[in-house]
1. Enumerate the calculated ³J(HN,Hα) couplings along segment 252-260 in order (Karplus 6.51 cos²θ - 1.76 cosθ + 1.60, θ = phi - 60°), each rounded to whole Hz, writing x wherever the residue is Gly or Pro.
2. Please build a GNM for the chain, connecting alpha carbons under 10 Å apart, and tell me which residue among ASP212, ASP181, ASP258 fluctuates the most.
3. What is segment 45-124 by shape, rounded, prolate or oblate, if you read a ≥ b ≥ c off the alpha carbon gyration tensor as root eigenvalues and call it rounded for a/c under 1.5, prolate for a/b larger than b/c, and oblate otherwise?
4. When the chain is treated as a GNM, springs tying every alpha-carbon pair under 10 Å, which of SER49, SER277, SER95 comes out with the largest mean-square fluctuation?
5. Sorting ASP232, ASP110, ASP130 on the 10 Å Cβ count, fewest up front, what's the list?
6. Can you classify the chain as rounded, prolate or oblate using the Cα gyration tensor, where a ≥ b ≥ c are the square roots of its eigenvalues, rounded means a/c under 1.5, and otherwise it's prolate if a/b beats b/c and oblate if not?
7. Counting Lys +1, Arg +1, Asp -1, Glu -1, what net charge surrounds ARG226 among other residues with beta carbon under 12 Å of its beta carbon?
8. Sorted from fewest to most neighbouring beta carbons within 10 Å, what does the list THR63, THR145, THR114 look like?
Amino acid sequence: MLRVFNSIAGAMLALALLGGPAQAQQQPPFATTKVEGTDNVYIFRYGNSQAMFIVTSAGVIATDPIGYGRPQAVTTYVEEIKKVTNQPIRYVIYSHHHFDHIAGGKPFKDAGATFIAHKQAKARLERLKDPHTVIPDETVDSNRTITLGGTTLELTYIGLNHSDSMLVMRLPKERIIFTVDWLPVGSLPGRGMIDSYPLEWEDSIKKVLAMDWERLIPGHPGAGGRLGTKKDAQDILAFLQDASAEVKKAAQEGKCWDTVEKEMKLPKHAHWPNYESAMPFVLRRYCGLWGRGT
Ligand SMILES: [Zn+2]
């Protein structure tokens, strides 16, 4: 209780010193947090992106370097791991092929890590040859299990959703999954709709709901920094289904693109914190699907 009081008092003091709530909401540029109730599972956050890493007695399993346009995020990530353990970093596993999550891995490569990604991520990255993104050494087709120092991590390709290369990383003992961008926690998918597969995305959510897990570590911090639950995944599914059904009707009446993009509202979902900014991306993507066939 005293700690709670102190942190509230500290926050109020910071508010007073900084002169307003806008500044008081600023968070430190990065943070490393051990996931509650686990022995060795950590979240490294830098800015508004984050990745999971697991420390075992035989080395570290890291995920997404999150260094797009900011190489210092990756050197910080490696330094933060070294503060926790002297074990070598054995693996870096990419969640999917998008640069905002996987660019910048060179410091991990220099530390000797083996890079793993879904096979479609590797094929895409080989084509794009982004100078800042390490090409995976090994690939996953449908699934692969990594066992290291007593920790088991299952990598599963669950189908098309926000990208065509998404892995679900599951810690069966901890009943935790780490998967990125397609199950946002407490917000709607916005820009993440751009190159998505909306119909298959719904199938992927049904599949992930059938897996055994309790907590979800997202690739962008959830509302208030919380982890996700199956309820969050169900809420995203309900949103996608409603948005899809509404645009489908309008599209078949010839209202894509302009009318839908300018006029359509989904009042049932207006309570989501990023509703206004997400809707243009959502409506454009569903017009692509139902108004064009893509
Ligand atoms: Zn993405």
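1. Going residue by residue, I get 6, 9, x, 9, 9, 9, 4, 4, 4 Hz, with x marking Gly and Pro.
2. Among ASP212, ASP181, ASP258, the largest GNM mean-square fluctuation belongs to ASP258.
3. The shape class here is oblate.
4. SER277
5. ASP110, ASP130, ASP232
6. In terms of gyration-tensor shape, oblate.
7. 0
8. Listing THR63, THR145, THR114 from fewest to most nearby Cβ atoms yields THR145, THR114, THR63.
Coordinate-derived values only; no laboratory data. Values in this document were obtained by computation on a predicted structure and should not be read as measured data. Note that we place each Cβ from the backbone using ideal geometry, even for glycine, and neighbour counts take in every protein chain shown.
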